[in-house]
Amino acid sequence: MAEPVVEQEPAKDVVGESLIDSSDAVLTEKQCAKTKRRPLAFIEDQQIDPPAVVLGQSFIHDFVYTVCAQSPSQWVSGKLYRKIFFKGKLIHSEPQPFDLKPGRWSVKARIEVPPSAKPGNYSLKTEFVGRAKNKRKIRFMKATEFEIVQ
């Protein structure tokens, strides 16, 4: 007799990209159906887990983006920036090449906090800058606050 398959909830700290909704599902939503200027891209949500990070530890940065496009092959290539600010000053920015894909996607990354960081309130700003195949510029950004504690 075969063992029953037990589905586990995905671990919240697994890094990478995962599809939430297909491009067809996203196109039927109000915000996408009303615009003729596609692709349309934006960040829906952004979270840091845990919101208070101990010096020398890491946190998970998770953001959800949506791309409304004419077809599932209409990717947008560009650069993704994760900028960290402390007291209004940029202290970290590491741009990386990134492709936005049609649909709704979750993107998770583990970010290490150096033991030399100062305790206090920080801001993480996620920014994407790119161009669609039709040469249209695509840009979005969203900021989230977090705290570093000893």
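For segment 13-148, the solvent-accessible area with a 1.4 angstrom probe is 55 square angstrom per residue. In the chain, the calculated helix contribution to ellipticity at 222 nm averages -1000 deg cm²/dmol per residue, counting -39,500 (n - 2.57) for every DSSP H run with n ≥ 4. Applying a DSSP loop filter and a limit of 14 other Cβ atoms within 10 Å to the GluC sites (Glu not before Pro) in segment 9-92 leaves Glu29.
Take every Cα pair under 8 Å in the chain that's 6+ residues apart, average their separations, divide by the length, and report that relative contact order as a whole percent.
Relative contact order here is 29 percent.
Beta bridges assigned by DSSP with both partners in the chain are antiparallel in approximately 95 percent of cases.
Past the 21 Å Cα-Cα mark, which pairs from Lys87/Lys137; Lys87/Lys108; Lys101/Lys142; Lys34/Lys83; Lys36/Lys135; Lys36/Lys133?
On the way: Lys87/Lys137 31 Å; Lys87/Lys108 25 Å; Lys101/Lys142 18 Å; Lys34/Lys83 32 Å; Lys36/Lys135 15 Å; Lys36/Lys133 16 Å.
Flagged as over cut-off: Lys87/Lys137; Lys87/Lys108; Lys34/Lys83.
Quotient of the Cα radius of gyration of the chain and 2.2 N^0.38 Å, N being its number of residues: 1.20. The share of accessible area on segment 61-111 that comes from carbon and sulfur is 54 percent, using a 1.4 angstrom probe.
Using Cβ point charges alone (K and R +1, D and E -1), the dipole size of segment 76-126 about the Cα centre works out to roughly 160 debye.
The values are calculated or read from the model by the stated rules, or taken from the named source; none is laboratory data. This is a predicted model, so every value here is computed, not measured. Counting neighbours? That spans all protein chains shown, and the Cβs are built from the backbone with ideal geometry, glycine included. Calculation scope for accessible area: heavy atoms of the full protein, side chains included, ligands and nucleic acids excluded. Shrake-Rupley method; radii C 1.70, N 1.55, O 1.52, S 1.80 Å.
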